[in-house]
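Chemist: Take this structure first; my questions come after.
The values are calculated or read from the model by the stated rules, or taken from the named source; none is laboratory data. Worth saying up front: this structure is predicted, and the values here are computed from it rather than measured. All Cβ positions, glycine included, derive from the backbone under ideal geometry; neighbour counts span all protein chains shown. Side chains are part of the model used for accessible areas, which takes the heavy atoms of the whole protein and leaves out ligands, DNA and RNA. Shrake-Rupley method; radii C 1.70, N 1.55, O 1.52, S 1.80 Å.
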Amino acid sequence: MWRPSAVLKAPRSRWTYAVPAIGVAAGLLFGVSATTSQGSDLRPGTRDLVQVVQDGNRRVAGQAADVAGLQSDVKRLGIRDAPGSSKLRSTQSTADAYAGDAGLTKATGKVVTVSLNDSTRDPSTLPQGANLDWLVVHQQDVQAVVNALWAGGASAMMLMDQRVISTSAVRCVGNTLLLQGRVYSPPFVIKAMGDPATLRKALNDSPAVQNYQAYVPLAGLGYDVQTSDKETFPAYQGALDLKYAKVGK
């Protein structure tokens, strides 16, 4: 009697086990991604760096406005609710007397404006031995102007559109200026309030500013000084706590 030959079972492929495992892992990853994203895009489209900086500046400006409003509320509520003791009135009077010198109030007066700008000159036209650093405004250049104007008796100062005080830090990242959380591109504009003749003399007498001025004709850097009879600076709104220095006892 003829018998059919036995059918041999083929060995299971490793994909038989791998495919379900991969499916489970993919499902787990999808679940984690959905939980993490909370409905947002985990991989947003690439944004232009300028747009990123502008968004950051708008965010910081909005936060600064919020801080100014809260500070105003604190002062108003303090006046309304604080005990009306003579000691409190004396302390408040002392604080108000120093507020102007500390830059915490608006200031109006004559102003000297200094503008520093990068060069637009073709690098191939630079003198022999020059390098590309000659073409940009550096942190020490901005700091030199700021220091000279303070030394010249400036009673108030603005850097770009922000009020600065004697403890404000001037920091540059590449050819951009970082000031109180906001980023600025050249030209860098420094305004100082005080006697115009004295401020201009302080600029001309500063060795650091003289060094910058020497590169104006050599590399085409921008340097301009203007005087205005009357301007008003807003009150300083940055932090007052010293992070890297303390008053000696």
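Chemist: Working carefully through the options N204, N211, find the one that is farther than 26 Å from A107 by Cβ and not in a strand (DSSP E or B). Working first, answer last.
Modeler: Working: N204 fails: farther than 26 Å from A107 by Cβ.
Result: N211 is the single residue among N204, N211 that is farther than 26 Å from A107 by Cβ and not in a strand (DSSP E or B).
Chemist: When the stretch 142-200 is examined, which residues are found to be of a type in the set (V, I, T) and within 22 Å of G220 (Cβ to Cβ)? Show your work before the answer.
Modeler: First, the residues of the stretch 142-200 that are of a type in the set (V, I, T): 142, 145-146, 164-165, 167, 170, 173, 176, 183, 189-190, 198.
Of everything in the stretch 142-200, those that are of a type in the set (V, I, T) and within 22 Å of G220 (Cβ to Cβ) turn out to be V142, V145, T176, V189, I190.
For (1) in contact with a Pro (Cβ under 7 Å, 6 or more places away or on another chain); (2) closer than 16 Å to V137 by Cβ, each residue gets a yes or a no:
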| site | (1), (2) |
| --- | --- |
| S168 | no, no |
| Y212 | no, yes |
| G222 | yes, yes |
| V225 | no, yes |
| E231 | no, no |
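Chemist: Then there's this: One residue is enough: does the stretch 188-209 have a residue meeting the conditions open to solvent by 50 Å² or more (accessible area, probe 1.4 Å) and modelled with pLDDT under 95?
Modeler: Taking every residue of the stretch 188-209 in turn, none turns out to be open to solvent by 50 Å² or more (accessible area, probe 1.4 Å) and modelled with pLDDT under 95.
Rundown of residues vs (1) within 15 Å of T113 (Cβ to Cβ); (2) of a type outside the set (S, T, N, Q); (3) without any contact (Cβ under 8 Å) to a residue 12 or more places away in the chain, yes/no style:
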{"residue": "C172", "(1), (2), (3)": "no, yes, no"}
{"residue": "A192", "(1), (2), (3)": "yes, yes, no"}
{"residue": "Q226", "(1), (2), (3)": "yes, no, no"}
{"residue": "E231", "(1), (2), (3)": "yes, yes, no"}
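Chemist: Got a number for residues in the stretch 115-148 being in contact (Cβ under 8 Å) with a residue 60 or more places away in the chain and touching a Lys or Arg at 6+ places or on another chain (Cβ under 8 Å)?
Modeler: 1
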